[in-house]
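The values are calculated or read from the model by the stated rules, or taken from the named source; none is laboratory data. Small disclaimer: the values here were computed from a predicted structure and weren't measured. Positions of Cβ are backbone-derived with ideal geometry, glycine not excepted, and every protein chain shown enters the neighbour counts.
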Amino acid sequence: MKDLEKMVAEKVYIEKYDINVIPYLTDVQIMIIAQEMLKQENKVNRDIYLSTAIFEFCTDITEDEYNKINHDILVSSGILDAVFSEVKNINKVVEYVEREESFNVAMTRFVEKLTDIFDRGVAGIKEMGIDERNDLQDAIIGKVKNLGGLDDENKNILDLIGDKK
């Protein structure tokens, strides 16, 4: 097998803009960028963050130089497209974000959180010394009665529910 370290992609020089571009993102960089993009409020902010991160990780433009350039200028001058076209695995960032936002992942996380809440609720009930369904029912009815503001009719309904054990 050939020496892979000698085959690592070299920086690409874009003469028109006088910059060097590293033509790939590492897995760690992909994860960092995607996770930060997920924190952004909307697509515009995500796109701006992606551009900023690509310039930070993949070009030799300093942070000071970058901060002096308006994002619209990056787009309209063509430098953004030029850099993005050289970084071959930007699509991995987009795939990561889309996967994290997918319905299935969201539902899985929701069910995990719901299960955790349920488990903590059951543990809390057991800590209160309530092991029987009737004890739980009495505890709930007692809490509702203690909240106050119930008229006599609603108190009677709670008493009836409590009596039907």
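In this structure, Ala82 qualifies as in contact (Cβ under 8 Å) with a residue 12 or more places away in the chain, of a type in the set (Gly, Ala, Ser) and either touching a strand residue (DSSP E or B) at 6+ places or on another chain (Cβ under 8 Å) or more than 22 Å from Glu95 (Cβ to Cβ) (or both). Inspect the range 106-114 for any residue being loosely packed, with under 12 Cβ neighbours inside 10 Å and touching a residue at least 60 places away in the same chain (Cβ under 8 Å) and give the result as yes or no. Scanning the range 106-114, I find no residue that is loosely packed, with under 12 Cβ neighbours inside 10 Å and touching a residue at least 60 places away in the same chain (Cβ under 8 Å), so the answer is no. For Val111, which of the numbered conditions (1) aliphatic (A, V, I, L, M); (2) in contact with a Leu (Cβ under 9 Å, 6 or more places away or on another chain); (3) at pLDDT below 90 fails to hold? With (1) aliphatic (A, V, I, L, M); (2) in contact with a Leu (Cβ under 9 Å, 6 or more places away or on another chain); (3) at pLDDT below 90 applied to Val111, the lone miss is (2). The condition of being surrounded by 10 or more Cβ atoms within 10 Å (Cβ to Cβ) and at pLDDT below 65 holds for only one of Lys155, Lys88, that being Lys155.
Selection over the range 29-60 of residues that are touching a strand residue (DSSP E or B) at 6+ places or on another chain (Cβ under 9 Å) and either exposed (fewer than 14 other Cβ atoms within 10 Å of the Cβ) or free of Cβ contacts under 8 Å to residues at least 24 places away in the same chain (or both) gives a count of 1.
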